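The values are calculated or read from the model by the stated rules, or taken from the named source; none is laboratory data. All values derive from a computational prediction rather than experimental measurement. Here the Cβ positions follow ideal geometry from the backbone for every residue, glycine too, while neighbour counts run over all protein chains shown.
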Amino acid sequence: MRISPRLAANLTLPALLWAGNAVVGRLLRDQISPVTLNGLRWSLALLLLAPLAWRVLRHPGEVLARWRYFGLVGFLGMGCYNALQYQALHTSSPLNVTLMVASMPVWMMAVGALFFGVRPQRREVLGAALSTAGVLLVIARGDWRVLAELHFVPGDGYMVIALFVWALYSWFLARPPASMQGAQRPVWTWAEALMAQLMFGASFALGMAGIEQVAAPAAIHWSPGLVAALVFVAVGPSLIAYRCWSAGVVEGGPALAALASNLTPVFAAVLSAALLGLAPEWFHGVAFALIVAGIGVSLKRPA
């Protein structure tokens, strides 16, 4: 497979935006609870998308006829994954969460083999190994002894579940039911297709936020910074990133997309360095090269 500029952008932009999302999620942990943040994020995303996708509401039968599929992907990709990720950022260290993300290619290959009958090829396994080595290099900051000093806490379990959920979500995007393929698929724009997911996903996310506020009320500390952060996570890591991720997964496949997602920790490290006024270090460049090499190996056809 040849990576076109469009595919490269669709696979790289989500990693950059989700890196920003991780930084923002960590910064907001004392201002808003994780599940409530997720509910507000997707509710705002739904409102912002509506002007571009309102036509899908003119034919509700097309959505209702496929409610099982949209309910499933909405629940997995929007209702569960992000709430679990924010919870992980709330209770675990960014270093541990980043280490969890490094295992994404493994989760993608495992879910593909177990549930979709897609066995990973050697080149994909080698590509995943190179990509993961690049992420670990960033985590270790160039010193592998740092990895031996990591300590995992119960909160890291949230991220493990989140990665499994995201792998399922991505595979369902790549392997949709017959009603979402070929001539049976409604003639929707990308915004309308995302809207169909969001109507279910935002409902799940907001419903879980309501349950959280009833079961364990937590005050929201409103501020201009919190409002700006909500707008950012609703537009960038939500609408733009999910639109690009869906297109990238469909065109390149879940395994390749998972390798590209390993750019997230590299981008996160660079963003953090920029916010602190520090220049990126040598291992950031080496890690980027390893991840790109892993993607290249994964794409290489056997002779």
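For this structure, a couple of remarks:
- In the set (1) of a type outside the set (S, T, N, Q); (2) surrounded by fewer than 17 Cβ atoms within 10 Å (Cβ to Cβ); (3) in contact with a helix residue (DSSP H, G or I) (Cβ under 7 Å, 6 or more places away or on another chain); (4) in a helix (DSSP H, G or I), the condition left unmet by P237 is number (2).
- Subset of segment 271-283 that is in contact with a helix residue (DSSP H, G or I) (Cβ under 7 Å, 6 or more places away or on another chain) and assigned to a helix (DSSP H, G or I) - its residue that is modelled with the lowest pLDDT: S272
- Filter pass, A228 being not in a loop (DSSP other than H, G, I, E, B) and not β-branched (V, I, T): yes
- Among all positions in segment 72-95, there is no residue which is on the phi > 0 side of the Ramachandran plot and either in contact with a Leu (Cβ under 8 Å, 6 or more places away or on another chain) or of a type outside the set (K, R) (or both).
- Residue selected from segment 1-15 under the condition part of a helix (DSSP H, G or I) and not small (G, A, S), by the criterion surrounded by the fewest Cβ atoms within 10 Å (Cβ to Cβ): P5
- Residues (closer than 13 Å to N10 by Cα, of a type in the set (G, A, S), at pLDDT below 90 and more than 12 Å from the chain's Cα centre (by Cα)) located in segment 213-270: G252, G253
- Filter result for G157 (more than 22 Å from W245 (Cβ to Cβ) and in a loop (DSSP other than H, G, I, E, B)): no
- For segment 188-207, a residue qualifies if it is small (G, A, S), out of contact with any helix residue (DSSP H, G or I) (no Cβ under 6 Å at 6 or more places or on another chain) and within 16 Å of A65 (Cβ to Cβ), and exactly one does: A193.
Results for (1) assigned to a loop (DSSP other than H, G, I, E, B); (2) surrounded by fewer than 16 Cβ atoms within 10 Å (Cβ to Cβ); (3) of a type in the set (S, T, Y); (4) free of Cβ contacts under 8 Å to residues at least 60 places away in the same chain, shown as yes or no for each residue.
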residue	(1), (2), (3), (4)
S179	no, yes, yes, no
V187	yes, yes, no, yes
M199	no, no, no, no
L206	no, no, no, no
I220	yes, yes, no, no
G248	no, no, no, no
L256	no, no, no, no
L259	no, no, no, no
A269	no, no, no, no
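- Condition met for P60 (of a type outside the set (D, E, K, R) and more than 13 Å from the chain's Cα centre (by Cα)): yes
- Identity of the residue in segment 102-139, more than 19 Å from G253 (Cβ to Cβ), among the aliphatic types (A, V, I, L, M) and at pLDDT 75 or above, that ends up surrounded by the most Cβ atoms within 10 Å (Cβ to Cβ): L137
- Put simply, of W54, W18 the only residue that is surrounded by 19 or more Cβ atoms within 10 Å (Cβ to Cβ) and not charged (D, E, K, R) is W18.
- Residues in segment 164-176 that are surrounded by 23 or more Cβ atoms within 10 Å (Cβ to Cβ) and either of a type in the set (D, E, K, R) or farther than 15 Å from Y242 by Cβ (or both): A167 alone.
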